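> Next up is a structure, given as structure tokens.
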Amino acid sequence: MHFRQDTLNHLTWFRWLFFGETRGKVAGWPGTAGNREKGDAVADPIFVNTIKDRDAIKARFLVHHKTIPLNKNGKPYLALVLMDRTGTIEARVWENVDTVAPTFEVGDFVELDGMALAYQGKVQLKVHTIRPVPASAVHPEDYLPCSSKDKKAMLDRLRALLSSIQLAPLRELLLDRLDDEAFAAAFTRAPAAKSIHHAMLSGLLEHTLSACELADRIAALYPHLERDLLLAGAFLHDVGKTRELASETGFDYTDEGRLVGHLVLGAMMFGEWAAARPDLPAGVALKITHMILSHHGSYEFGSPKRPKFAEAMVLNFIDELDSKIETFHELTRRESGQKWSSYQKLFDRFILLGTPEPAGVDPAAPAPAADKPADDSPPRTRRGRETPLTQQPFAQLDASLKPEARPVAPATRNQLGFFASAQPPQSPDEADLPEI
């Protein structure tokens, strides 16, 4: 008597869920010896990026995120984000939360038994048992995402670009950094961010090389820009991340990173290196310091200064361009197979991942979140009017724009009678900002 394969799969899932049997496909430890205790044999290793709906899972992961929210009945549950080197996956522990939660923290390794189930278009794990695993039993690198590009090839290309700088003292200062073993080790290992873009081992090296490649091409297109300055700024703009971010067991901020931030740390590091090179023109050193401090572009994104010359402005755009392109790329990889992404808070919109329908509205596209307007929502109106503000009669528009017609922050009048803010814009804590 023969059964269809899909029938056997359903029977295996049913027996595992209700009787605890693990015959059939059960995921093992992630695929290298470092992800399991020495001597263990794994016939069918599995990674996060291979887990599918209704897979029975027995595996080890790194705990990336951990919270204890309440369900709709007011009962606490454990919400986890787990990771290995191929990606992350959400997991839920519904039972014995008070007992389970204290046994491990973010950055710990855990071993679990559970079931992969699809929920709202994404697969997550329903955890039945979970326990901590000592770090001595694993190799942490096997659980951290890593750049797919060859580290040596990236480093060689970066060295070639820096070697093309014409100003000898500046060129030698930058090449000395790559020759410094301690700095080179930290620089080539560090992620470029805790999350969002290039959040992987060697992510900083990959992002920095991309920034230098863009600087080289832009300088060729706009020859009036100072190429040496642009290349140096591209190389140095994120060096502070070697001290801002820790990468031993996951990616998180160091105390220095939270208290100071990578912009100021990078400026401090460059200041120390420049002080050891008295032949470096002081004006060049000052401009590079400004580029490091201003490369986030505005106060609300953590820059204590805004770009004040062309090369500084271009560096801000280069950093923004590479980080956003990589963010889209990672989103496409993470949510592949869908036409539209889940709602992206960073961009305040849904992102098209597939091919749109040539005409009409695609019924498969997700509805916008209830508290978020759709991208094609009508223009905002005042006091319930259907007429957009820009189409109101001029008299009404003029009255609505008078300072006394709307709340104004505490302010003073300057000598010309215009309102001026009583307080300068404040630079918020960078650890709370969107990562760039």
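> Among the residues that make up the range 93-104, is at least one of them of a type outside the set (A, V, I, L, M), in the same structural domain as Leu82 (by TED's automatic domain parsing) and under 22 Å from the mean Cα position of the chain (by Cα)?
Initial filter on the range 93-104 (of a type outside the set (A, V, I, L, M)): 94-96, 98-99, 102-104.
Going one step further and asking which of them are in the same structural domain as Leu82 (by TED's automatic domain parsing), we end up with 94-96, 98-99, 102-104.
Then keep just the ones that are under 22 Å from the mean Cα position of the chain (by Cα); that gives none.
No, because not a single residue in the range 93-104 is of a type outside the set (A, V, I, L, M), in the same structural domain as Leu82 (by TED's automatic domain parsing) and under 22 Å from the mean Cα position of the chain (by Cα).
> Could you list, in sequence order, all residues of the range 252-268 that are touching a residue at least 24 places away in the same chain (Cβ under 8 Å) and either acidic (Asp, Glu) or more than 23 Å from Tyr299 (Cα to Cα) (or both)?
Asp252
> Which members of the range 225-251 meet the condition of being surrounded by 19 or more Cβ atoms within 10 Å (Cβ to Cβ), touching a strand residue (DSSP E or B) at 6+ places or on another chain (Cβ under 7 Å) and in contact (Cβ under 8 Å) with a residue 60 or more places away in the chain?
Residues satisfying the conditions are Ser247, Gly250, Phe251.
Conditions tested, residue by residue: (1) under 16 Å from Arg334 (Cβ atoms); (2) modelled with pLDDT under 85; (3) surrounded by fewer than 15 Cβ atoms within 10 Å (Cβ to Cβ).
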{"site": "Val106", "(1), (2), (3)": "no, no, no"}
{"site": "Val110", "(1), (2), (3)": "no, no, no"}
{"site": "Gly114", "(1), (2), (3)": "no, no, no"}
{"site": "Gly121", "(1), (2), (3)": "yes, yes, yes"}
{"site": "Pro134", "(1), (2), (3)": "no, no, yes"}
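> Which of the residues spanning the range 54-73 are closer than 17 Å to Asp108 by Cα, free of Cβ contacts under 8 Å to residues at least 40 places away in the same chain and part of a strand (DSSP E or B)?
Scanning the range 54-73 gives a single hit, Thr67.
> Moving on. Which of the residues spanning the range 65-82 are within 16 Å of Phe251 (Cα to Cα) and surrounded by fewer than 20 Cβ atoms within 10 Å (Cβ to Cβ)? Write out each step before concluding.
From the range 65-82, those within 16 Å of Phe251 (Cα to Cα) are 65-66, 80-82; that's our starting set.
Those that are within 16 Å of Phe251 (Cα to Cα) and surrounded by fewer than 20 Cβ atoms within 10 Å (Cβ to Cβ): His65, Lys66, Val81.
> Let me ask something else about it. If I filter the range 316-341 down to residues being at pLDDT below 85 and crowded, with 16+ Cβ neighbours inside 10 Å, which single residue comes out as nearest to His207 (Cα to Cα)? Can you show your working first?
Residues of the range 316-341 that are at pLDDT below 85, as a first pass: 330-338.
Within this subset, residues satisfying the condition of being crowded, with 16+ Cβ neighbours inside 10 Å are 330-331, 335, 338.
Values: Glu330: 14, Leu331: 17, Glu335: 22, Gln338: 27 Å.
Checking each candidate, the answer is Glu330.
> Assess whether Lys126 counts as being over 30 Å from Ser148 (Cβ atoms), touching a Leu at 6+ places or on another chain (Cβ under 6 Å), at pLDDT 90 or above and of a type in the set (D, E, K, R).
Values: over 30 Å from Ser148 (Cβ atoms): yes; touching a Leu at 6+ places or on another chain (Cβ under 6 Å): yes; at pLDDT 90 or above: yes; of a type in the set (D, E, K, R): yes.
Considered against the rule, which asks whether it is over 30 Å from Ser148 (Cβ atoms), touching a Leu at 6+ places or on another chain (Cβ under 6 Å), at pLDDT 90 or above and of a type in the set (D, E, K, R), Lys126 comes out as yes.
> Right, next: Would you be able to say whether some residue in the range 121-143 is in a loop (DSSP other than H, G, I, E, B), among the charged types (D, E, K, R) and within 28 Å of the chain's Cα centre (by Cα)?
Within the range 121-143, not a single residue is in a loop (DSSP other than H, G, I, E, B), among the charged types (D, E, K, R) and within 28 Å of the chain's Cα centre (by Cα).
> Next question. State all residues of the range 136-176 that are modelled with pLDDT under 95, over 20 Å from Thr103 (Cα atoms) and crowded, with 18+ Cβ neighbours inside 10 Å; if no residue qualifies, say none.
Answer for the range 136-176, where residues must be modelled with pLDDT under 95, over 20 Å from Thr103 (Cα atoms) and crowded, with 18+ Cβ neighbours inside 10 Å: Asp142, Leu144, Pro145, Ser147.
> Now for a separate question. Which numbered condition in (1) among the aromatic types (Phe, Trp, Tyr); (2) touching a residue at least 12 places away in the same chain (Cβ under 8 Å); (3) within 22 Å of Ser336 (Cα to Cα) is the only one that Tyr119 fails?
(2)
> I'm trying to understand the selection: among the residues of the range 189-216, which are in contact with a Cys (Cβ under 9 Å, 6 or more places away or on another chain) and in a loop (DSSP other than H, G, I, E, B)? Don't jump to the end; show me each part of the working.
Going residue by residue through the range 189-216, those that are in contact with a Cys (Cβ under 9 Å, 6 or more places away or on another chain) are 200-203.
Scanning the range 189-216 gives Met200, Ser202.
The values are calculated or read from the model by the stated rules, or taken from the named source; none is laboratory data. Given the structure is predicted, the values throughout are model-derived calculations rather than measurements. Neighbour counts run over all protein chains shown; Cβ positions are idealised from the backbone, glycine included.
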